[in-house]
1. Can you tell me which condition Thr63 does not meet? The list is (1) surrounded by 15 or more Cβ atoms within 10 Å (Cβ to Cβ); (2) within 14 Å of Phe118 (Cβ to Cβ); (3) in contact (Cβ under 8 Å) with a residue 24 or more places away in the chain; (4) not charged (D, E, K, R), and all the others hold.
2. Hey, among Gly38, Gly83, Gly105, which residue is modelled with pLDDT of 60 or more, of a type outside the set (A, V, I, L, M, F, W, C) and buried (at least 19 other Cβ atoms within 10 Å of the Cβ)?
3. Can you spot a residue in segment 10-32 that is of a type in the set (A, V, I, L, M), more than 20 Å from Phe122 (Cβ to Cβ) and at pLDDT below 70?
4. Give segment 120-140 a look and list any residue that's more than 17 Å from Gly80 (Cβ to Cβ) and assigned to a loop (DSSP other than H, G, I, E, B), or say none.
5. Taking the residues in segment 41-56 that are at pLDDT below 80 and more than 15 Å from Ala115 (Cβ to Cβ) as candidates, determine which candidate is surrounded by the most Cβ atoms within 10 Å (Cβ to Cβ).
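The values are calculated or read from the model by the stated rules, or taken from the named source; none is laboratory data. Everything numeric in this text was worked out from a predicted model, so none of it was measured. Glycine also receives a Cβ, built like all others from the backbone with ideal geometry; neighbour counts cover every protein chain displayed.
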Amino acid sequence: MTNQREPLMMIFTGTDVKRSVFLREIHYRVMEYVDHYGMGINSLLVEIAKNIYDHANGRGSLTITPQDDETYLFEIWDEGTGGYDFEEIIRSEKSRLKGNGVNCGAGLTQIQDYADTFTTSFKIDTTKGFRYSGTYDPKKLEN
């Protein structure tokens, strides 16, 4: 039997609202969609949404698709134009990349920590903007 539930899809076309309003809307939509198992994926996705707001001026997209095995596939894309070396950022002891004005080190390390805790797989592509994808497994919270 195939899961017939429609994916949650959000498109961000840029914003001039406060960051807290932008993040609160994503929080509510994700929690409503994923029900009582949503805290883990919500923590991860809101942390990622901070990058969408900060680095892509609120432009990007988010999709969550439920699977038959009760996991959720997710993909988030921020439409930032800069390329970043994620592995270098994670290795760096500094939370800010000095000299180029980019503040993504702390955010990316936090995202990786959440991903390690709440997902069964996770990938970040930072060659242009950021593209995050993975599989969220709510059963990990029960262990």
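1. So Thr63 meets the others, but not (2).
2. None of the other options fit; the residue is Gly38.
3. no
4. Asp137
5. It comes out as His55.
Here's the yes/no breakdown for (1) on the phi > 0 side of the Ramachandran plot; (2) out of contact with any Asp or Glu (no Cβ under 7 Å at 6 or more places or on another chain); (3) of a type in the set (D, E, K, R):
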{"site": "Arg24", "(1), (2), (3)": "no, yes, yes"}
{"site": "Asp35", "(1), (2), (3)": "yes, yes, yes"}
{"site": "Gly40", "(1), (2), (3)": "no, yes, no"}
{"site": "Lys50", "(1), (2), (3)": "no, yes, yes"}
{"site": "Gly58", "(1), (2), (3)": "yes, yes, no"}
